[in-house]
Amino acid sequence: MYLTSEKKAEIFAQYGKDAKNTGSAESQIALFTYRIQHLTEHLKQNKKDFGTERALTRLVGKRRRLLDYLKERDIERYRAIIKELGIRK
């Protein structure tokens, strides 16, 4: 399994306020980004896996909506998470 509970806790600790802060926009965006990177690597090897392709598309949409929300609420937090994760926009 590529996403263990330890890895999730590490992501939440790094991008959220602490390891227990799993609901902040930054921690959710970081988790989605990690999952997107994993699925992208999977699709490079398995080009005909259309179920995974659909899941990846939905995940990218979820992350985009969260980024749009963060951009509306607090532009500085938005800019910080974009820079930290290296998401191009």
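Some notes on this structure:
- DSSP-assigned coil residues among trypsin sites (Lys or Arg not before Pro) in segment 1-75, each with at most 12 further Cβ atoms within 10 Å: 17, 20, 47, 48
- Eligible aspartates and glutamates near residue 71 by straight Cα distance, threshold 18 Å, same-chain separation 8 or greater: 26, 84
- Computed with a 1.4 Å probe over protein heavy atoms only, the accessible surface of the chain comes to 72 Å² per residue.
- Positive-pole candidate from 45, 29, 19, dipole of the chain, charges at beta carbon: 45
- In a reduced charge model with +1 at each Lys and Arg Cβ and -1 at each Asp and Glu Cβ, the chain shows a dipole moment near 360 debye about its Cα centre.
- The share of accessible area on the chain that comes from carbon and sulfur is 49 percent, using a 1.4 angstrom probe.
The values are calculated or read from the model by the stated rules, or taken from the named source; none is laboratory data. Fair warning: this is a prediction, and the values are worked out from it, not measured in the lab. Using ideal geometry, Cβ is built from the backbone for each residue, glycine included, and neighbour counts are taken over all protein chains shown. With ligands, DNA and RNA removed, areas are computed over all heavy atoms of the protein, side chains included. Shrake-Rupley method; radii C 1.70, N 1.55, O 1.52, S 1.80 Å.
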